[in-house]
Amino acid sequence: LLKKEYKVDISNLDIIAYIYGILAHPGYTIKYYKELEKNEIRVPITKNIMLFNKIADIGARLIFIHTSGGISILDRKVEYKKSVGKAKCIKAVSNKTDEYPENFYYDEEKQAIVIGDGVFSPIPKEIYMYEVSGYLVVQSWLKCRMKNGNGKQSSLLDKISPERWTSELTTEFLNIIWILEATLAEYSVQNEAFL
């Protein structure tokens, strides 16, 4: 139907990218909140091929971002690049076993997340408070990695945790922040496409 409407070839991957470009934006949930409470997800399809392509390009970039560069829809002519965000490790978290962080907090004035004695900044509050279906991404990730982490305990393997903060944890944490930075940057592009 889309090929007929647009009079151009549309691949299944184009459609997936378009759907992701629509659904991966909080505006979708806000606009259709009442309908989503009672019905299954519905995706509005535009008759405008230029708008379709714009949203599919956004979706393709977001898929690339959200899979840490693992999936790129090569048919879309968008720039795929992993980028380092603005957030940095200002002060390293101690890697000593007896100084493994037990808590963290957000310093709104400094736009910093303090993990034990470590500091990461600049991190806007929108990233610290970023949520998906009520799940606070950054805070949940950190809670599971504190000394007495409170992640889900569904097997004995879940009780295995690091004994000290490692450089790998710092790298993983910064990658999460950078993914959220890139996601929020796409929101403004999505807003333009949707309005």
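Tally up the residues in segment 99-139 that are under 19 Å from the mean Cα position of the chain (by Cα) and not basic (Lys, Arg), please.
Of the residues in that region, 23 qualify.
Can you tell me which residues in segment 148-195 are part of a helix (DSSP H, G or I), at pLDDT 80 or above and among the hydrophobic types (A, V, I, L, M, F, W, C)?
Residues satisfying the conditions are Leu169, Phe173, Leu174, Ile176, Ile177, Trp178, Ile179, Leu180, Ala182, Leu184, Ala185.
Taking the condition of being touching a Ser or Thr at 6+ places or on another chain (Cβ under 9 Å) and within 24 Å of Glu172 (Cα to Cα), how many residues in segment 24-60 meet it?
2
Out of segment 17-51, which residues are open to solvent by less than 70 Å² (accessible area, probe 1.4 Å), closer than 17 Å to Asn191 by Cβ and part of a helix (DSSP H, G or I)?
Selection gives Tyr18, Gly21, Ile22, Leu23, Pro26, Gly27, Tyr28, Thr29, Leu51.
Given the condition among the hydroxyl-bearing types (Ser, Thr, Tyr) and touching a Leu at 6+ places or on another chain (Cβ under 7 Å), answer yes or no: does some residue in segment 6-16 qualify?
Within segment 6-16, none of the residues are among the hydroxyl-bearing types (Ser, Thr, Tyr) and touching a Leu at 6+ places or on another chain (Cβ under 7 Å).
Go through segment 54-77 and report how many residues are modelled with pLDDT of 85 or more, crowded, with 20+ Cβ neighbours inside 10 Å and more than 20 Å from Ile176 (Cα to Cα).
3
Do we find that Pro122 is in contact with a Lys or Arg (Cβ under 8 Å, 6 or more places away or on another chain) and modelled with pLDDT under 90 in this structure?
So Pro122 fails the test.
Would you check which residues across segment 95-132 are outside any helix (DSSP H, G or I), open to solvent by 80 Å² or more (accessible area, probe 1.4 Å), out of contact with any Gly (no Cβ under 8 Å at 6 or more places or on another chain) and in contact (Cβ under 8 Å) with a residue 24 or more places away in the chain and list them?
Asn95, Lys96
Could you grab the pairs with beta carbons closer than 6 Å, sequence gap of 6+ or different chains, first residue in segment 6-28 and without any contact (Cβ under 8 Å) to a residue 60 or more places away in the chain and farther than 19 Å from Ile65 by Cα, second one open to solvent by 50 Å² or more (accessible area, probe 1.4 Å) and not β-branched (Val, Ile, Thr)?
Note: pairs meeting the criteria are Ile10/Lys3.
When you look at Tyr105, is it in contact with a Phe, Trp or Tyr (Cβ under 8 Å, 6 or more places away or on another chain) and at pLDDT 95 or above, yes or no?
Against the criterion (in contact with a Phe, Trp or Tyr (Cβ under 8 Å, 6 or more places away or on another chain) and at pLDDT 95 or above), Tyr105 does not qualify.
Take Tyr80 and decide whether it is at pLDDT 90 or above and not in a helix (DSSP H, G or I).
no
The values are calculated or read from the model by the stated rules, or taken from the named source; none is laboratory data. Being a predicted model, the structure only gives us computed values, none of them experimental. Because the Cβ atoms are built from the backbone with ideal geometry, glycine has one as well, and the counts that use them run over all protein chains shown. Ligands, DNA and RNA are stripped out before the accessible areas are found, and what is left, the full protein with its side chains, is counted by its heavy atoms. Shrake-Rupley method; radii C 1.70, N 1.55, O 1.52, S 1.80 Å.
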